[in-house]
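Here is the structure we will look at, set down as structure tokens.
The values are calculated or read from the model by the stated rules, or taken from the named source; none is laboratory data. Predicted, not measured: the structure shown is a model, and the values here were computed from it.
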Amino acid sequence: MSVAKSCGLAIPDTLLTNNREDVKNFIDANSYTIIKPLSDPHFFTVGDNRFALYTSILKKGVLKNMKKNILPIMIQNKIEKKLEIRIFYISGKIFSAAIFSQTREKTSLDYRNYDIDKPYRVVPYSFSLKMKNKIKMFMKKMNLNTGSLDIIKDISNNYIFLEVNPVGQFDMLSNTCNFPIEKEIALYLKG
């Protein structure tokens, strides 16, 4: 997050902690707070049900049941979003898509909580040259030549950087937006 901020990317108020008092103070300072997994959600199955940990609202009432020291968690202030943007970056090239996940209750906090009965819209998205340069600077400072980035465009049209996944999933962008990502990867590997 600090590297993103140093590149001119806005970031949400964020706290990574294992202390209950820190959580209380953060919640008190922010109107709405979300809790996020510290890594990509792992799926697990119980009977016929499949579960994963996605971004969710952190309610003040949960604090009364917390011990003083807890497992590390990441919490952020909740941002009212217009849309989510998923970016696949490879060697200076940016492929991005707008994800209209806020139009569905199930996906409004985390588009990965996909609703198969009511799918959201995904369309190609283009950034300004200034924003593209911030993304490229960030990836260079992180020493990453590939990865997937998540950004939110808030209701005031500000871009808020959320995270980068250096592994870089691209299947959704490639298929939905008809981007030639597989070809770009092959050309990159060919050298």
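Things worth noting here:
- Tally of residues being in a loop (DSSP other than H, G, I, E, B), under 16 Å from I70 (Cα atoms) and either at pLDDT 75 or above or of a type in the set (D, E) (or both) across the range 21-40: 0
- Residue tally, condition assigned to a loop (DSSP other than H, G, I, E, B) and within 23 Å of the chain's Cα centre (by Cα), over the range 175-191: 3
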